[in-house]
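Notes follow once the structure below has been shown.
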Amino acid sequence: MGRSDIGAATQRTPTTTRSNPARLATADAVLPPGEAALPRPSRPRLEARRWNKRTRRDALVFVAFAAPNVLLILLFTYRPLITNIYYSTLDWTLGAASATSVGLGNYVEFFDSPDASAVLGVTAIFTVTTVGGAMALGLLVALTLNQRLKGRTFARAVVFAPYVLSGVGVGLVWLFIFDPTYGVLSWMLRGIGQLSPQWVNDPKLALVMVILVYVWKNLGYCAVVYLAGLQSVPPQLLEAASLDGASSARRFVSIVVPLLSPTTFFLLITTLLSSLQAFDIIRIMTPSGNGTSTLIFDSYLQAFGSYNRAGYSAAISVVLFLALLIMTAVQLRFVERKVHYS
Amino acid sequence: MSGTLTNSSTGRGRPLSWQNLGRTVAGGYLPLAMATLVVFLPLLWMLLSSLKAPGEIVTTDLALWPRNPSLQNYADAASTVPFARFFLNSVIVTVVGSTIKCILAIFTAYALVFVRFPFKRVIFLLILVALMVPPQVSVLPNYVLIAGMGGLNTYWGIILPGLGTAFGTFLLRQHFLTLPQAILESAEIDGAGHWRKLWKIVVPVSIPSIATVALVTIVSEWNEYIWPLIVTDHPDMMTLPVGLTQLVNSDGGTQNWGMLMAGAVIVLLPILIIFAALQRYIVSGLTQGSVTG
């Protein structure tokens, strides 16, 4: 599991550093020759000399190597989180030189308006259905790929491919397929005597459409991650259950599903985070956000659509960030406990 | 991939029979083919449509193959918007952005693993948490900052805010931790400093991991949409995904599906080719951390 690995790796760092023979070897150079011949690992006297010349130079090297990246992350990833909170208290037109402070006015306005329930509702529907859909279909595809079939490596690559493609390009391809007059879908519907619905103009169907395309683009990711999980299920366990007379459905529910729970947990977190940030497909398929205004898209439309309402947009961004934060925290707190680790 | 049809049945101790064959097809090959086709057909349709004449697209009587395949739609797209320029911009942004990001990731990961520093844990945690911060949330403040610095419609304005790399650093750090210490030891005896150890030992033995980071970075830089969309409004500075939006909104763009599919091909094909050639690295990079990290 990703999370537990991160923890394990973090704890490994100091050990690695301390027993790093490279550093010990150079430190030996400043010691008397007799000392240098002693066995290498863990020498308290070396540890005591924390700030000798060598460590100072190491510190300088560290700063030179890591500082550019760390400063960029601070400036463009962390700073915006704080600036957003400040902007969210302003009544400010994007591009205007001055702004008036309105305290929590933007939040009050958002939650008082009918927008809030619409936007939060659309976000919830989009997130739940895309996460559920991609994970369920991904598991089905993974179960198929887990059999010894010819061409399954090829199929795995094909199914994963949409995940690496531009959401804008993918969105356009599907917009053509969904076109009510010239699209393949309308042609197929005509074949069974049906008229194609107006996918883009009907707010409800527009949401269905972007959900379908988003699931199409992301299910390969879930499939590949689930496949790796399935391949770590010990075959002896399944064989033993099989000998005991367990049906394949029973083996799946009682053995495979519990053993997959760390994978499921990992996927739940990663797909939730990416679904809440889905932008490309929604923007290209439904530019006006009619029926598809999720938090992230509404925040974009408010600031960079026709309104230029920077303060209001920042408030929505803060709401989105809080939603992400709470969801991650809740998952870490409650879900992980119930997850089976082998 | 290793098993044949016969192996798959006999491998589990079952005799080869028509019943088993039927089961393998119904439970294996049929869904496998379906999943593959569901992904493949829309992309094939895009490619074929981009080669069709307008009359073959604006029709309710669909044919799969173009009657007279031509590149007219590509020419139309290029004359409606500066597509060659979009392509060049995308290449510049992707190459420069990915190169710098990879170098930053290599340096940072090396420092985190091999260089002693008192606040290393804190710095690592900072980078780890940055992985979880949604980039979309930072768009407005970064726009205000970059616009204030005069970065709208410039290459550096497009590239700079995305340069800090938490993903690449994390992935390389995990890999560097697994390197055997003995190889660095011998270099140390030869009196090599950090610079030489990094470039002469650590980087050469880590090429597969660096390739993974590079490929994943290239893919995400090429596809990046929201930031270039906001930071450019001059066609000469737009990247391909932004330019594609421009094409949709152009006078001749609405419903001109042949031309729009040609545009989509230009955006998707380079990544599809890279993916086809190097999918092993890309898949492992993007699904990293899921099972064994």
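Taking the alpha carbon gyration tensor of region B:74-286, what are the square roots of 5 times its eigenvalues, largest first, to the nearest whole Å?
Over the Cα atoms of region B:74-286, the semi-axes work out to 38, 20, 14 Å.
How many nm separate the modelled label positions at B:LEU71 and A:GLN147, each set 7 Å beyond the Cα in the direction of the Cβ?
Roughly 4.4 nm, to one decimal.
Contact order normalised by length for region B:74-286, with contacts defined as Cα pairs under 8 Å and 6 or more residues apart; what percent is it?
37
By average Cβ neighbour count within 10 Å, what is the ranking of A:317-326, B:18-27, B:237-246, B:160-169 from highest down?
B:237-246, B:160-169, A:317-326, B:18-27
Using packing as a proxy for protection, rank A:156-168, A:195-207 so that the peptide with the highest average count of other Cβ atoms within 10 Å comes first.
Averaged packing, sorted descending, gives the order A:156-168, A:195-207.
Apply the Karplus parameterisation 6.51 cos²θ - 1.76 cosθ + 1.60, with θ equal to phi minus 60°, to every residue of region B:138-155 and state each ³J(HN,Hα) to the nearest whole Hz, in sequence, with x for glycine and proline.
Going residue by residue, I get 8, 5, 5, x, 5, 4, 4, 5, 5, 4, x, 8, x, x, 5, 6, 10, 5 Hz, with x marking Gly and Pro.
Using the Karplus equation 6.51 cos²θ - 1.76 cosθ + 1.60 (θ = phi - 60°), what ³J(HN,Hα) coupling, rounded to whole Hz, does each residue of region B:237-245 give in order, writing x for Gly and Pro?
These are the phi-based 3J(HN,Hα) values: 10, 6, 8, 4, x, 5, x, 5, 4 Hz.
Between B:LEU21 and A:SER98, how many nm apart are label points set 7 Å from Cα along the C-beta direction?
8.5
Cα centroids of region A:153-230 and region A:65-93: how far apart, whole angstrom?
Distance between centres, Cα-based: 35 Å.
Taking a ≥ b ≥ c as the square roots of the Cα gyration tensor eigenvalues, with a/c under 1.5 meaning rounded and otherwise prolate when a/b beats b/c, else oblate, which class fits region A:236-342?
Prolate, since a/c reaches 1.5 and a/b exceeds b/c.
What length, rounded to one decimal in nm, is gained on full extension from B:LEU44 through to B:ASP61, with 0.36 nm per residue of separation minus their alpha-carbon distance?
Gain on stretching B:LEU44 to B:ASP61: 4.3 nm.
Can you pull the mean other chain C-beta count within 10 Å for peptide B:155-167?
Per-residue shielding by partner chains comes out at 3.
Add -39500 (n - 2.57) for each DSSP H run of 4 or more in chain B, then divide by its residues: what number comes out at 222 nm, to the nearest 500 deg cm²/dmol?
-20500 deg cm²/dmol
Shape verdict for the protein assembly as shown, please, from the Cα gyration tensor: rounded (a/c under 1.5), prolate (a/b greater than b/c) or oblate.
oblate
Report the extension gain between B:ALA182 and B:SER79 in nm, rounded to one decimal, defined as 0.36 nm multiplied by the number of residues separating them, less their alpha carbon distance.
Residue separation times 0.36 nm, minus the Cα-Cα distance, leaves 31.1 nm.
Taking each residue of B:40-52 in turn, how many C-beta atoms of other protein chains fall within 10 Å of its C-beta, and what is the average?
3
Using the Karplus curve 6.51 cos²θ - 1.76 cosθ + 1.60 with θ = phi - 60°, work out ³J(HN,Hα) for each residue of region B:75-82 in order, rounded to whole Hz, and write x for Gly and Pro.
5, 4, 4, 5, 8, 7, 9, x
Which far-off residues, 5 or more places away or on another chain, put their amide H under 5 Å from the one on A:ASP91, with H placed in the peptide plane?
Correct list: A:THR100, A:SER101, A:VAL102.
Shielding of B:105-115 by partners, i.e. mean partner chain Cβ atoms within 10 Å per residue?
Mean partner shielding for this stretch: 6.
We did not get these values from a lab; they are worked out from the coordinates using the rules stated. For clarity, every value in this text was computed on a predicted model and none was experimentally measured. Methodologically, a virtual Cβ is constructed for each residue, glycine included, from the backbone with ideal geometry; neighbour enumeration extends over all protein chains shown.
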